[in-house]
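Since the structure comes first, as structure tokens, the remarks are kept for the end.
Any read-out appearing in this document is the output of simple, stated calculations on the displayed coordinates, not a laboratory observation. Since we're looking at a predicted model, the values are computed, not measured. Cβ coordinates were reconstructed from backbone atoms using ideal geometry, including for glycine residues, and neighbour counts include every protein chain displayed.
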Amino acid sequence: MAADVTAYIPPTEVDLAMIKRILPHRYPFLLVDKVRDIVPSKSCVGIKNVTSNEPHFEGHFPQEPVMPGVLIIEAMAQSAAVLVGVSLDLAGKGMGTYFMSIDKCRFRSKVVPGDVLELHMTTLRGGGKVWKFEGRAMVNGVLAAEAEVMAMLTRGENG
């Protein structure tokens, strides 16, 4: 009798429900709505729909809302963590990622309510516990921010 072995085939796009199975983040700190164009262990594009009712806009800045740069970088890191989770089939398995470094960070243009932020992430080093990515945050084809981020992959008690 043949064993029922189903090979894992990583998806090329994940929705919010799958993102929540991979990331521990929740409102107001879940900063990715969808991840598309996934090439396992290599690259992806995270999508963040920027809306005026996000809590940081109340104080940053009331008369001219601008998405804080640190949140753009966090959205990059979350997109990269989803790429790792999809690549290694870690959904629902208690994966954790912890920031280790941010390098070569530059902010180029404002991100404001109504923008669709595309987080283009490319793996520079990965496969083990430590992953490094190059990220470019784009709005309508214009570079808003860029950085290299590094994170450590950990497994929770369910992993």
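Summary table
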read-out: Breaking point among (1) over 13 Å from the mean Cα position of the chain (by Cα); (2) in a helix (DSSP H, G or I); (3) surrounded by 15 or more Cβ atoms within 10 Å (Cβ to Cβ), for I19; value: (1)
read-out: Flag if R136 is of a type in the set (D, E, K, R) and more than 16 Å from V45 (Cβ to Cβ); value: no
read-out: Number of positions in the range 111-144 that are in a strand (DSSP E or B) and out of contact with any strand residue (DSSP E or B) (no Cβ under 7 Å at 6 or more places or on another chain); value: 1
read-out: All positions within the range 41-87 that are assigned to a loop (DSSP other than H, G, I, E, B), free of Cβ contacts under 8 Å to residues at least 40 places away in the same chain and closer than 14 Å to A145 by Cα; value: P68
read-out: Scan of the range 31-59 for residues that are among the β-branched types (V, I, T) and exposed (fewer than 13 other Cβ atoms within 10 Å of the Cβ), ordered by number; value: T51
read-out: Among (1) of a type outside the set (D, E); (2) farther than 25 Å from F57 by Cβ; (3) under 14 Å from the mean Cα position of the chain (by Cα), the one test that G127 misses; value: (3)
read-out: Answer residue from the range 93-127, given it is among the β-branched types (V, I, T) and within 21 Å of E54 (Cβ to Cβ) and is surrounded by the most Cβ atoms within 10 Å (Cβ to Cβ) among those; value: V111
